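First comes the structure, then the notes that go with it.
Every number in this text was worked out from the coordinates using simple rules, so none of it is lab data. Just so you know, these numbers come straight off a predicted model, no measurement behind them. Cβ placement follows ideal geometry from the backbone for every residue including glycine, while neighbour counts extend to all protein chains displayed.
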Amino acid sequence: MTPSTIEIHPTADDRRVARLATAAIVLTIAEAAIPLPLPGVKPGLGNIVILIVLLRWGWRDAVWVGLLRVFASSLLLGQLFAPGFFLSLAGSLTSLATLGVAKHLPRRWFGLVSLSVFAAFAHIGGQLALARAWLVPHDGVFYLVPVFAAAATLFGVINGLVAARLLRDRIAVPAGAAKR
Amino acid sequence: MNPRLADWLALLRPGDFATLAGALAVCVVSALLLWRGGAPDKAIVRAGGAVFAELSLAQPQRVDVPGPLGITRIEVEPGRARVLSDPGPRQYCVRQGWLSRAGAVAICAPNEVSLSLSGGAADYDSLNY
């Protein structure tokens with residue numbers, strides 16, 4: 001094989017982020033096969049991975065995994081730079097920003113379910129804000145807010161419970177990881 | 001309690017219940033604020049093209065509207081209204097029954113009387129024949 005002129009030396013961190021992003025992408029692609037009654041209402045199973053990454057490896061890795069998921073899954077679904085891509089990018093950015101703030105909540109009182117519900121609401125909030133500003137410049141989009149809020153509540157709780165359970169039963173959190 | 005359910009519940013912390021309550025409150029409040037457009041606030045009665053009466057839908061009442069053929073009787077109950085009787089030959093407006101959504105219209109064309117419900121967000125902008 002011809003030696004490449006560009007050498008990329010991935011670090012252990014890079015490999016870990018790539019592996020975790022793959023898990024999130026797989027869940028997002030699998031979920032795209034589920035027929036849903038309304039565009040925008042979906043379980044967001046990839047967020048389970050992001051919640052686990054946030055608690056286990058910190059916010060920086062969660063942002064990497066979250067954004068890689070948006071780009072790679074829309075590339076695979078043929079959605080890159082389509083309106084749906086920008087909607088999920090806006091949702092991801094707001095929900096990652098919210099997670100960055102919400103992770104400072106006292107862990108004794110607020111578990112992963114709270115983080116998950118906050119992230120889910122931030123996700124629909126970001127999407128609706130972009131949709132109102134760009135795609136549907138009319139207040140009619142807010143007619144669907146109750147549906148989106150109900151979906152965010154339901155799937156936020158389910159994703160949070162699954163992530164909390166996986167963290168408790170399957171993934172050991174090393175001492176010191178919580179400090180990040 | 002079912003031990004499997006208890007196992008899931010053990011993952012919830014006290015603040016999570018507060019978050020959940022807040023999320024449900026957002027759902028209910030947004031639905032109440034955004035989805036009340038269908039409720040009418042008053043009934044408008046027209047005779048011969050001019051507004052004959054604007055009736056509040058708060059309390060029950062009956063109104064007799066004179067037209068070229070005779071008296072059309074309108075009945076109002078809280079939140080809804082109907083044409084109770086009409087001298088027209090085909091009785092379409094009577095058979096429409098109770099109107100309860102903003103924008104709904106019953107027209108008694110032979111007697112030139114119409115009953116329509118108005119509200120914050122009507123289902124129709126206008127109707128033309």
*Rel. contact order, % - alpha carbon contacts under 8 angstrom, at least six apart, chain A*: 25 percent
_Theoretical gain in end-to-end length, B:Asp7 to B:Ala31 [0.36 nm per residue, Cα-Cα removed]_ = 5.4 nm
*From other protein chains only, count the Cβ atoms within 10 Å of every residue's Cβ in B:4-14, then give the mean.*
4
*Which semi-axes, in whole Å and largest first, does the equivalent ellipsoid of the protein assembly as shown have when worked out from the alpha carbon gyration tensor as the square roots of 5 times its eigenvalues?*
57, 23, 14
*asked:* So for the range B:41-106, averaging the separation of alpha carbon pairs under 8 Å that are six or more residues apart and normalising by length, what relative contact order in percent results?
replied: 21 percent
*Using the number of other C-beta atoms within 10 angstrom as an exposure proxy, rank A:Thr2, A:Thr98, A:Thr28 with the fewest first.*
A:Thr2, A:Thr98, A:Thr28
*Can you give the FRET efficiency for A:Leu166 and A:Thr5, using 1/(1 + (r/R0)^6), R0 = 41 Å, r = Cβ-Cβ distance, to the nearest 0.05?*
0.45
*For B:Phe52, A:Phe71, what's the fewest-to-most ordering of other Cβ within 10 Å of each Cβ?*
A:Phe71, B:Phe52
*Using a 10 Å cut-off on Cβ to Cβ distances, tally the other chain neighbours for every residue of B:19-31 and report the average as a whole number.*
6
*Any idea what log10 I(q)/I(0) is at q = 0.30 Å⁻¹ for the range A:90-151, Debye with uniform C-alpha scatterers and no solvent?*
-1.17
*Select from the range B:62-125 those chymotrypsin sites (Phe, Trp or Tyr not before Pro) which occupy a DSSP coil region and have at most 11 other Cβ atoms within 10 Å, ordered by residue number.*
B:Tyr124
*Calculated FRET efficiency, B:Asp41 and B:Glu77, Cβ-Cβ r, R0 22 Å, to nearest 0.05?*
0.95
*So what's the gap between the Cα centers of the range B:74-119 and the range A:33-91, to the nearest angstrom?*
52 Å
_Tell me the Rg and the Dmax, in Å, that the Cα atoms of the range B:1-56 produce._
24.0, 72
*Ranked by Cβ crowding within 10 angstrom, fewest neighbours first, how are B:Ser30, A:Ser116, B:Ser56 ordered?*
B:Ser56, B:Ser30, A:Ser116
*Over chain A, one equal point on each Cα, no solvent: what is log10 I(q)/I(0) by the Debye formula at q = 0.13, 0.17 Å⁻¹?*
-0.67, -1.08
_Run through the range B:32-65 and list the trypsin sites (Lys or Arg not before Pro) located in a DSSP loop whose Cβ has at most 14 other Cβ atoms within 10 Å._
B:Arg36
_Length-normalised contact order for chain B - Cα pairs under 8 Å, 6+ apart - percent_ = 23 percent
*With no solvent and one point on each alpha carbon, what is the Debye value of log10 I(q)/I(0) for chain B at q = 0.14 Å⁻¹?*
-0.65
